[in-house]
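The values are calculated or read from the model by the stated rules, or taken from the named source; none is laboratory data. Keep in mind that this is a model prediction, so the values were computed, not measured. In this analysis, Cβ positions are derived from the backbone assuming ideal geometry, glycine residues included, and neighbour counts consider all displayed protein chains.
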Amino acid sequence: MLMLGIDLGGTDIKFGLVDKSGRLIHKTKYPTHAHLGFEGVMQRVAEFAREVIASHDVAGIGMGVPGPMSSALGIVYEAPNLPGWENVPVRDHLQTLIGLPVVLHNDANAAAYGEFWAGAGRGCSNMVLFSLGTGVGGGLILNGELYSGPDDTAGELGHIPIDYNGPPCNCGSRGCVEAYASATAIRRIVREALAKGVETSIRIPKGEEETFGARLVYEAALAGDAFAKQVLYDVGKALGIAAAAIINILNPERIIYAGAMIGAGEFIFAPLREYARTRSFRRPAQRAQILIAELGADAGIIGAAGLAFQAFGC
Ligand SMILES: [Zn+2]
């Protein structure tokens, strides 16, 4: 008995067949072709899903979708990277197209559930996942279950405010951890510093002003660049202060970090652990393990399938 996990993104649709123990049996991905709109993309999802399922004993489907949505109603309210997706009945439509039960969740929550079920969160009951990417996303597992709140908006860990006078954030607020610790934030910090003539070996390759990653900063830091080390230290510090808030509020057993940024290793994790510990209460700080995610880009499909196992109880 298997479940199909689907991770729908603006660029790719990922599929994974997962068994009851959380093992990924088979995975594949196809381009989304988001310009086809809701109906066109759903036809692609259904077509590829049928292909992946063929000849396997699949009992249901879990799907992670980007953007504000309702897991209870199975509706996506909007998806910034999927034109035409406004108040669309994704769950019911996919059920009709494929003839299998479908459960729908926010993609960050599905990834958090994946790490909880089959990755770095295995064996604990309370954990949070920070996904460090273009933005900072997250998910909460409380008492062994995904907690997404009545509006599926819980777990927006990127918008923990760490400075009420801080830089503007995409969400409309200020000083959120996302404005310090996302790839977007690092690019802004490096560009501003270079424009001011700060002494550093970092050179942004031509045409990559909006796309260069933390790796550029990490490599400079490895070579001893003081500015690069400071940038990564500040990222770790911001994440550590956000982790301290989580530690005080939720008393989690594990705080897990995913995304390309974790490649910067101790440049980020040393200050992260230090600030998480010194800015929170002693006992929960001792309890909370700070770990690196294990499933990489597969967390979303594995978690979506895990949520299908949970929903359809087999
Ligand atoms: Zn924000």
Inset, instruction - Read through the list (1) aliphatic (A, V, I, L, M); (2) within 18 Å of Gln289 (Cβ to Cβ); (3) more than 16 Å from the ligand (Cβ to nearest atom), then give the number of the only condition that Val90 fails. - result: (2)
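This table checks each residue for (1) modelled with pLDDT under 95; (2) closer than 27 Å to Ala108 by Cα; (3) in the same structural domain as Gly139 (by TED's automatic domain parsing).
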residue	(1), (2), (3)
Gly197	no, no, yes
Ser201	no, no, yes
Glu210	yes, yes, yes
Val217	no, yes, yes
Ala223	no, no, yes
Ala242	no, yes, yes
Ile247	no, yes, yes
Ile255	no, yes, yes
Gly259	yes, yes, yes
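So, in the stretch 275-314, exactly how many residues are at positive phi and touching a Pro at 6+ places or on another chain (Cβ under 6 Å)?
Qualifying residue count, the stretch 275-314: 0.
May I ask you to verify whether Arg287 is surrounded by fewer than 19 Cβ atoms within 10 Å (Cβ to Cβ), within 27 Å of Glu192 (Cα to Cα) and not small (Gly, Ala, Ser)? Talk me through it step by step, then tell me what you get.
On the way: surrounded by fewer than 19 Cβ atoms within 10 Å (Cβ to Cβ): yes; within 27 Å of Glu192 (Cα to Cα): no; not small (Gly, Ala, Ser): yes.
Judged against the criteria, Arg287 is not a match.
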